[in-house]
Amino acid sequence: MNKSWPYPAVVAHRGGGKLAPENTLAAIDVGVRFGHTMIEFDVKLSQDGLPFLLHDDTLDRTSSGYGVAGELPWQTLKTFDAGGWFSGEFASEKLALLSDVAEKCRQHALFANIEIKPSPGTDRETGRAVALAAEQLWQGQPAPLLSSFSSAALEAAMAAVPALPRGLLLDEWHDDWQALTASLDCVSLHLNHRLLDAQRTAQLKAAGLRVFVYTVNKPERARELLNWGVDAICTDRIDTIGPDFA
Ligand code: G3P
Ligand code: MG
């Protein structure tokens, strides 16, 4: 795998952090308006296999739809409003396809962190499909960084497109982090920032891993993490932790 790390130190979480409806094209526009050059977003598959953006398993919280998102075809998903839950200003916003986001990244020269968020029971097929789609859609752009809490999804992504960089997401500390990241040939470890201290950061860096942390919303904490040597900070506060923060 290509282990180069062209990514900036600040990443806009779910496109526009808390300033726009998460994981929409409008959110990415807000991120761009604040000058961000890298976005993180969550991707799963529709029932008919199209990669699209959504954080939760179900549609209920962030769209006008209900139920398990992965059980519906794109023809149905595309009719839902994905912005009105956030505010009236975004009421016409639709769910976004990964292909739309690739185009947006090309348009604004944005780096992408594609978080693979499989619907329950679809880890391997989602990992494979997202990696294959990303390889094709990001042609001629810097490689998107693939990440997931699901090691099965990352394993399938690695098998399908070994060259795309991978990062394992952990919300709890695992003492076997080195074996886990080695088995998936990861370039980075993506950690809840609360799991980190200076010593752990140094250990990860000494092992040759890049360290990506989420979700850091206090500038003092972001500064501390960067001083320890963390490589990327994913934030909802795209206003106070801006692209020039680092
Ligand atoms: O990828 C970093 C972060 O997005 C992981 O947590 O739940 O916000 O997707 P979550
Ligand atoms: Mg995410």
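The number of residues in region 155-176 that are surrounded by fewer than 20 Cβ atoms within 10 Å (Cβ to Cβ) and either more than 14 Å from the chain's Cα centre (by Cα) or not in a strand (DSSP E or B) (or both) comes to 11. In region 227-234, is there at least one residue being farther than 28 Å from P21 by Cα, in contact with a Lys or Arg (Cβ under 8 Å, 6 or more places away or on another chain), hydrophobic (A, V, I, L, M, F, W, C) and surrounded by 14 or more Cβ atoms within 10 Å (Cβ to Cβ)? No, every residue in region 227-234 fails to be farther than 28 Å from P21 by Cα, in contact with a Lys or Arg (Cβ under 8 Å, 6 or more places away or on another chain), hydrophobic (A, V, I, L, M, F, W, C) and surrounded by 14 or more Cβ atoms within 10 Å (Cβ to Cβ). Checking the stated criteria, S87 turns out not to satisfy the condition of being modelled with pLDDT under 95, surrounded by fewer than 21 Cβ atoms within 10 Å (Cβ to Cβ) and farther than 26 Å from A160 by Cβ.
Within region 125-178, the set of residues being among the hydroxyl-bearing types (S, T, Y) and more than 15 Å from ligand 2 (Cβ to nearest atom) comprises S151 only.
Somewhere in region 39-46, is a residue over 18 Å from A134 (Cα atoms) and without any contact (Cβ under 8 Å) to a residue 60 or more places away in the chain? Let's see the steps before the verdict.
Residues of region 39-46 that are over 18 Å from A134 (Cα atoms), as a first pass: none.
Scanning region 39-46, I find no residue that is over 18 Å from A134 (Cα atoms) and without any contact (Cβ under 8 Å) to a residue 60 or more places away in the chain, so the answer is no.
I'm trying to understand the selection: among the residues of region 191-246, which are within 13 Å of ligand 1 (Cβ to nearest atom), part of a helix (DSSP H, G or I) and acidic (D, E)? Of everything in region 191-246, nothing turns out to be within 13 Å of ligand 1 (Cβ to nearest atom), part of a helix (DSSP H, G or I) and acidic (D, E). Within region 119-154, restricting attention to residues that are crowded, with 18+ Cβ neighbours inside 10 Å and within 12 Å of ligand 1 (Cβ to nearest atom), the residue that is farthest from E71 (Cα to Cα) is L145.
The values are calculated or read from the model by the stated rules, or taken from the named source; none is laboratory data. Predicted model, so just to flag it, every value in this text is computed and none were measured. In this analysis, Cβ positions are derived from the backbone assuming ideal geometry, glycine residues included, and neighbour counts consider all displayed protein chains.
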